[in-house]
């Protein structure tokens, strides 16, 4: 004879607000928040300083200051922990150096060059298709496939990029600026994916420091241009370079590495969805620049496509109540 009984789920365990897991989660969330705000400010800073320094000179100035600041941060951290700096070796070291050249060198170079053609908000909208590209790389390199949701998101995001490309703030098609912005997104996605793979084999702070040093060395050919342009630049632009090196580079990449070591690459990249709106607000307040309405529409389409492609679906909940049981 079958009877119906109501099964009630056991009460969820309570989590002490002061528990280590809760504190660790709060620190990770705070690290991502700092990263997002400082990276958003970088788009505005690059746009402002770019009037006096070209893309190569600004790249070298930013990563050189960042390397100096990261050296201080690393030494202070190791002194407090009373542990020596341990460098990765062999293949891991080579990959860390390659990652640094791509992330700190090539990414900054293409980003700076893109903002010579596009305003800060438009560039941020283009660069932040990177989380979708991470999903594409996973489909190709990790054999995770291409589900219909990913393909649909790619189609929507591509439509948004096309809208941005044909309607920049100057009202004309700027293929160079759009191509540079997309190149920055590709470098961002590849570097974030590689960093996540390397973090189990290298300390996040040490890896960030080595990567920034590698990017500085790679950018040394721009030293003559930096010296010449910095000597003619106003103090405000020089302070801008220092700001970009200390805050969006040394501090923000440190907090990014801290968070990435504790969450998935997709979740960390998804948190940067907040960057473009912040950039638009900051550039409007500080530079009096606002992307054209059509560009904003394209940006909304691009970010919507990224969200469709990358945000996980909610699991379907099945009710356990009124489950028939045989007796």
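Taking the conditions exactly as written (farther than 14 Å from residue 209 by Cβ and over 20 Å from the mean Cα position of the chain (by Cα)), does residue 80 satisfy them or not?
yes
Would you mind telling me which numbered condition in (1) surrounded by fewer than 19 Cβ atoms within 10 Å (Cβ to Cβ); (2) under 23 Å from residue 303 (Cα atoms) residue 185 fails?
With respect to (1) surrounded by fewer than 19 Cβ atoms within 10 Å (Cβ to Cβ); (2) under 23 Å from residue 303 (Cα atoms), residue 185 is out only on (1).
Residue-wise test of (1) in contact with a helix residue (DSSP H, G or I) (Cβ under 9 Å, 6 or more places away or on another chain); (2) under 26 Å from residue 288 (Cα atoms); (3) at pLDDT below 80; (4) surrounded by fewer than 24 Cβ atoms within 10 Å (Cβ to Cβ).
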site	(1), (2), (3), (4)
102	yes, no, no, yes
115	yes, yes, no, no
120	yes, yes, no, no
131	yes, no, yes, no
150	yes, no, yes, yes
163	yes, yes, yes, yes
174	yes, yes, yes, yes
180	yes, yes, no, no
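Quick check on this structure: which one of 239, 296 is part of a helix (DSSP H, G or I) and under 24 Å from residue 72 (Cβ atoms)?
The conditions single out 239.
State yes or no: is residue 261 modelled with pLDDT under 85, over 18 Å from residue 55 (Cβ atoms) and in contact with a helix residue (DSSP H, G or I) (Cβ under 7 Å, 6 or more places away or on another chain)?
Against the criterion (modelled with pLDDT under 85, over 18 Å from residue 55 (Cβ atoms) and in contact with a helix residue (DSSP H, G or I) (Cβ under 7 Å, 6 or more places away or on another chain)), residue 261 qualifies.
The values are calculated or read from the model by the stated rules, or taken from the named source; none is laboratory data. All values derive from a computational prediction rather than experimental measurement. FYI the Cβ positions are ideal-geometry reconstructions off the backbone, even for glycines, and counts take in every protein chain you see.
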